[in-house]
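Taking it in order: structure first as structure tokens, then the write-up.
No value in this document is a laboratory result; all are computed from the given coordinates. Worth saying up front: this structure is predicted, and the values here are computed from it rather than measured. For neighbour counting, all protein chains shown are included, and Cβ atoms are generated from backbone atoms with ideal geometry for every residue, glycine included.
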Ligand SMILES: O=P(O)(O)OC[C@H]1O[C@H](OP(=O)(O)OP(=O)(O)O)[C@H](O)[C@@H]1O
Ligand SMILES: O=C(O)c1cc(=O)[nH]c(=O)[nH]1
């Protein structure tokens, strides 16, 4: 595991964004861990998070001309990541959408830079892939080209079929999905931590039941 992925897991645990316990996922599964990106909720943690996104995007080599953040959580993620990319010498425009169309002023659902060229979608997690599907439609409708999806944590678990939602998105749209860290990275981290030893068996059992191969 490259260092920034390990650092990201440590950071998410420190901020209690990543927690162990018993959580019900959107798919109704009882998960021994949960990632709540809404808890990156101050300036310092958002700055650190945005730098992790920028690192993983640049390390992936994915080509893109601008960022798109789906409402609501994607909005802050796209804005913050654009700042971290600018720090790295990549100043790219960003755009986002409103969940409900505005019927006065400039109107519509799209805000920010005009969607054009290769657009990288920035979100926290992919569960069923709904948010990505909607983003791809918006981007194509505007005459631009989806370039990929950047997320924070890939849980690497099956959707309704044999593939994970991340793999389905990749396959269906031919888009690379770039995650700062994956369940595999989390398991490597747990294996190296005595303090987390008590959670090892539950996470492994969950992966054995619902997981997909890397
Ligand atoms: O792959 P999916 O099934 O779409 O699930 C993932 C999406 O769900 C959450 O957003 P949500 O739509 O709940 O909106 P929010 O950003 O306003 O919380 C999350 O931020 C992703 O965008
Ligand atoms: O599957 C989900 O609903 C889910 C899992 C997770 O770890 N984090 C999240 O925001 N949603």
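Across the stretch 29-166, Cα pairs under 8 Å and at least six residues apart give a relative contact order of 22 percent.
Can you give me the Kirkwood hydrodynamic radius for the stretch 43-153, using every pair of distinct Cα atoms, in Å to one decimal?
Final number for the Kirkwood radius of the stretch 43-153 is 13.9 Å.
For the stretch 56-111, the equivalent ellipsoid built from the Cα gyration tensor has semi-axes of 25, 10, 9 Å, listed from largest to smallest. With 0.36 nm allotted per residue and the present C-alpha distance subtracted, the residue 3-residue 128 stretch has 42.1 nm of extension available.
If each residue of separation counts as 0.36 nm, what is the full-extension length gain between residue 16 and residue 160 once their alpha-carbon separation is subtracted? Each step should come with its number before you reach the end.
Values: separation 144, 0.36 × 144 = 51.84 nm, distance 2.91 nm.
Here the answer is 48.9 nm.
With a Förster radius of 25 Å applied to the C-beta separation of residue 26 and residue 47, the computed FRET efficiency comes to 0.35. With N the number of residues in the chain, Rg(Cα) / (2.2 N^0.38 Å) evaluates to 1.02.
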